[in-house]
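Colleague: Got a structure for you, written out below as structure tokens; questions coming shortly.
The values are calculated or read from the model by the stated rules, or taken from the named source; none is laboratory data. Treat the numbers as computed from the prediction; the structure is a model and nothing was measured. Here the Cβ positions follow ideal geometry from the backbone for every residue, glycine too, while neighbour counts run over all protein chains shown.
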Amino acid sequence: MSLNIWTGALEQGLLWGPMILGVYLTFRILNFPDLTVDGSFTLGAAVATRLILSGYDPWSASLAAVLAGAMAGLMTGLLHTQLKIDPLLSGILSMIALYSINLRVMGTANLSLLRVDTILTAIGDLTIHNFAALVLGGAVCLIAVTGLYFFLQTEVGLGVRATGDNPQMIRSLGVNTNITKIIGLALSNALVAVSGSLVGQYQSFADIGMGIGMIVVGLASVIIGEVLVRTPTLIRALLAALIGSVIYRAVIAIVLQLGMPATDLKLLTAAIVTAALAFPVFRGRFRKLPAYRERSG
Amino acid sequence: MLEIRNITKVFHRGDINEKLALQNLSLHLAPGEVVTVIGSNGAGKTTLLNALAGVFQIDEGQILIEGREISRQPEHVRASYIGRVFQDPNLGTAASMTIEENLAMALHRGQPLRLRRGTGRSQRELFRERLRPLGLGLENRLTSRVGLLSGGQRQALTVLMATIACPKLLLLDEHTAALDPKTAGVVLDLTTRIIAGGQLTTFMVTHNMEQALTVGTRTIMMHEGQIILDISGPERERLKIPDLLKMFEQASGKSLNTDRLLLAR
């Protein structure tokens, strides 16, 4: 295995890292399976790319992308809390609505950023061009993890966590769970859009289909992280998500190098998530086998 | 303190399952009064607590706390001055969060959430001070996740959480019923101490006849969404459990044939 695979995996793992943190926030902390991700990831890339091509400064373009992501999360939150639509369906509705919105933002299905200044070229000018993605991804993930870590311990953050853990209890303590859900969803999708905008600038293009299956990638990374790292504390859980993100990219790079066609990647990702989700079921079955019981008892 | 005026609640109105859960019910509680509520299953005890807490809107009538009408306020607004403890210990605490974080949320009951650190050093001293009397050693485990605690420990913590911000009204819904007898005794003892210490106006629903007569100063019995018995003072002090059962039969015209009620002595 070449060093290239690992630097590549690290680079990509970090650039996709904020998205994984966003998925962790909704799925694990808020207990809200939010499918908006597929749309808000592309939205981040679309907004950043469109604005950069329109002559805006790449930094402000990326910031606008993040705000757009938060708006997408807000939309899902309003669908769920105000119109009482099921969480899964709220996310699906946002996702599908965003498909059209993204096309409108981009004006076309594919926008190229080749030979255009982006925040990656800006970072490259300050450091070394080959390491720009690593530096940028690392810095953004550091900020995201630190920010989330502190946010989740504020009063608002405790409210968001308790909403995912025990909504009845936190309501009985006077917190409006509609608000905390919306805050969590907006924050999560803002993080997803951060990744979208970074990835768009990293690959030098935004594509209408780039968000397809992102939610499953996010889940796969979160689960890989949880399997590899014990997560008794909040900070470890957040870092585990990032580690999962890097490992996921490494696995993808390795199977590609082993000759797996790139078109089969989504199938592989689905298989990884299925295996991880099914793990407790199988473990339960194995426990019933006498041999297993003897060994463990 | 608490004034309930002719409240009525019908579930599934117009449906074949229509149920008149609260029937023109009125009640007045003086400040610091502790009332135990008994009645057979489906009598409307929990419905009454839920109506007070705002889990649903009542159909008719008024609920006033300190003279202020609250029956149109949503649950989370009323929560700022109503503390609740449920029967299931899992319902009162957030398992994935630490003892300290749970207490911090309870301490901020009803206040707007801010972007400030939820737990701090100054609070920690208060939490230790309040946890120590429980005698469960929780004061040394502030950063343990609540999910690691036993049912009894969780319920004791819930009682503390429901009362730490000094609510105007405390609602206890069979909060010791899911615990083993010894733990139930510990939690009940703790509850009565906290109620006495804070002079809290309290509603305690119970299935335990002995608790119903020994805790607090007043006992009400419910049947089919109405209060059929309301005793306090010397009359209550003289009352024995068999008398209570007999009074139920007289008042309702039926025998109190719930096994749980008879066995819970």
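Colleague: Within the range B:45-138, which helices (runs of 4 or more DSSP H) (wholly inside it) include 1 or more residues that are closer than 26 Å to B:Phe203 by Cβ and within 13 Å of chain A (Cβ to nearest Cβ)? Spell out how you get there, then give the answer.
Modeller: Details: elements: B:45-53, B:75-78, B:99-107, B:121-131.
So the answer is B:45-53, B:75-78, B:99-107.
Colleague: Related question: I'd like to check something: does the range A:114-124 contain any residue that is crowded, with 24+ Cβ neighbours inside 10 Å, more than 29 Å from B:Glu100 (Cα to Cα), of a type in the set (S, T, N, Q) and away from every other protein chain (no Cβ under 14 Å)?
Modeller: If we filter the range A:114-124 for residues that are crowded, with 24+ Cβ neighbours inside 10 Å, which is where we start, we get A:118.
Next cut, more than 29 Å from B:Glu100 (Cα to Cα) only: A:118.
Those left that are additionally of a type in the set (S, T, N, Q): A:118.
Within this subset, residues satisfying the condition of being away from every other protein chain (no Cβ under 14 Å) are A:118.
Looking for residues that are crowded, with 24+ Cβ neighbours inside 10 Å, more than 29 Å from B:Glu100 (Cα to Cα), of a type in the set (S, T, N, Q) and away from every other protein chain (no Cβ under 14 Å), one finds at least one in the range A:114-124, hence yes.
Colleague: Within the range B:51-71, which residues are within 17 Å of the chain's Cα centre (by Cα), surrounded by fewer than 20 Cβ atoms within 10 Å (Cβ to Cβ) and closer than 17 Å to B:Arg13 by Cα?
Modeller: Of everything in the range B:51-71, just one residue is within 17 Å of the chain's Cα centre (by Cα), surrounded by fewer than 20 Cβ atoms within 10 Å (Cβ to Cβ) and closer than 17 Å to B:Arg13 by Cα, namely B:Phe56.
Colleague: List pairs: first in the range A:252-270 and of a type in the set (S, T, N, Q), second assigned to a helix (DSSP H, G or I), Cβ under 9 Å, 6+ apart or cross-chain?
Modeller: Pairs found: A:Gln257/A:Ile5; A:Thr269/A:Val216; A:Thr269/A:Val217; A:Thr269/A:Leu219; A:Thr269/A:Ala220; A:Thr269/A:Tyr248; A:Thr269/A:Ile252.
Colleague: Continuing with this model, one more query. Here are some residues: A:Asn176, A:Asn189. Which one is crowded, with 24+ Cβ neighbours inside 10 Å and either of a type in the set (Phe, Trp, Tyr) or farther than 20 Å from A:Leu113 by Cβ (or both)?
Modeller: A:Asn189 is the lone residue from the list that is crowded, with 24+ Cβ neighbours inside 10 Å and either of a type in the set (Phe, Trp, Tyr) or farther than 20 Å from A:Leu113 by Cβ (or both).
Colleague: Quick one: would you say A:Ala278 is assigned to a helix (DSSP H, G or I), surrounded by fewer than 24 Cβ atoms within 10 Å (Cβ to Cβ), among the aliphatic types (A, V, I, L, M) and not assigned by TED's automatic domain parsing to the domain that holds A:Thr7?
Modeller: Values: assigned to a helix (DSSP H, G or I): yes; surrounded by fewer than 24 Cβ atoms within 10 Å (Cβ to Cβ): yes; among the aliphatic types (A, V, I, L, M): yes; not assigned by TED's automatic domain parsing to the domain that holds A:Thr7: yes.
Considered against the rule, which asks whether it is assigned to a helix (DSSP H, G or I), surrounded by fewer than 24 Cβ atoms within 10 Å (Cβ to Cβ), among the aliphatic types (A, V, I, L, M) and not assigned by TED's automatic domain parsing to the domain that holds A:Thr7, A:Ala278 comes out as yes.
Colleague: Still on this structure: Please go through the range A:86-132 and give me each residue that is within 20 Å of A:Val192 (Cβ to Cβ) and without any contact (Cβ under 8 Å) to a residue 12 or more places away in the chain, ordered by number.
Modeller: Of everything in the range A:86-132, those that are within 20 Å of A:Val192 (Cβ to Cβ) and without any contact (Cβ under 8 Å) to a residue 12 or more places away in the chain turn out to be A:Leu89, A:Ser100, A:Arg104.
Colleague: Could I ask something else about it? Which residues, counting only those in the range A:54-70, are surrounded by fewer than 18 Cβ atoms within 10 Å (Cβ to Cβ) and either of a type in the set (D, E, K, R) or under 16 Å from the mean Cα position of the chain (by Cα) (or both)?
Modeller: Across the range A:54-70, the qualifying residues are A:Asp57, A:Leu67.
Colleague: Restricting to the range B:174-210, name every residue that is in a helix (DSSP H, G or I), touching a residue at least 60 places away in the same chain (Cβ under 8 Å) and of a type in the set (A, V, I, L, M).
Modeller: Answer for the range B:174-210, where residues must be in a helix (DSSP H, G or I), touching a residue at least 60 places away in the same chain (Cβ under 8 Å) and of a type in the set (A, V, I, L, M): B:Ile195, B:Met209.
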